[in-house]
């Protein structure tokens, strides 16, 4: 088991090493007339986990990602059920929500719902107090707006998962006297989860990277941390390279976790009924499983 794990990690280390060497070589090339020299001491200092403030901003990135994704999944389930409903008001509301938030840029949604709503006094995003901690308005606004945006994409993923479940399962539940709510919560959604999990994992991978956009709200997360650093030392190449490697590390770790979750949900299924799971190497290269659903960014 350990040997297989080492073999799976080697390609990642090799890829990261080649990426780093290529960027440094490009910056230090003698073909260019530039006098730029790569500052290894500064780069290593900014890359180290004990760098001042780094642990805090990475924590914020992860917390925002998890909270926004959880909200997105919840909204996605309600939107998918609404879009599949026979009641036209619910179907119209769900369709309008999906249309608006899939059809407009996330950065526009961030500035409109945060700055626009505040200026128009529609909603001022006040600070909140949770378990003895003060949650700044910009921080929880980022979570809510990212979650609302994600819900529009998750709705299509959830809908594809529900439609992949054999309709006979629903009919059998009705014949047993189950209500619509019981049928969905006990029969349909648990089976649809096997189809939903792979694209859901890809969406969370994307969410980790999308948090870099909330700097526009003044939230100091991983990207904004390095943006501030480079403005202080005027070494953008070293700072942004360190930033890229930290994001690469977070998404790589999530790739391992996603693989474990997919194998867990694939237990007890036959080859034809379970979604294809990918190796960590395939996931790193951006390949998607067959029948993984729709709705990605």
Fully extended, how many nm does the chain gain between residue 112 and residue 263 (0.36 nm per residue separation, minus their Cα-Cα distance)? 50.3 nm
Going by the alpha-carbon gyration tensor, a ≥ b ≥ c the square roots of its eigenvalues, is segment 65-106 rounded (a/c under 1.5) or, if a/c is not under 1.5, prolate (a/b greater than b/c) versus oblate? oblate
When the label point is put 7 Å from the Cα of residue 121 along its Cα-to-beta-carbon vector, which residues of segment 129-159 have a backbone N closer than 16 Å? none
Once you order the gyration tensor axes a ≥ b ≥ c over the Cα atoms, which shape class does segment 116-274 get: rounded for a/c under 1.5, otherwise prolate or oblate by comparing a/b with b/c? oblate
Order of 261, 145, 60, 44 under a 10 Å beta carbon neighbour criterion, fewest first: 44, 261, 60, 145
Segment 130-189 - convex hull of the alpha-carbon atoms, volume per residue in Å³: 102
If you stretched the chain out fully between residue 174 and residue 74, how much longer would it get, using 0.36 nm times the residue separation minus the C-alpha to C-alpha distance? 33.5 nm
Exposure proxy check: 155, 51 ranked by fewest other beta carbons within 10 Å? 51, 155
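Rule-based calculations on the coordinates, nothing more; no lab input. Since the model is a prediction, treat every value here as computed from it, not as a measurement. Using ideal geometry, Cβ is built from the backbone for each residue, glycine included, and neighbour counts are taken over all protein chains shown.
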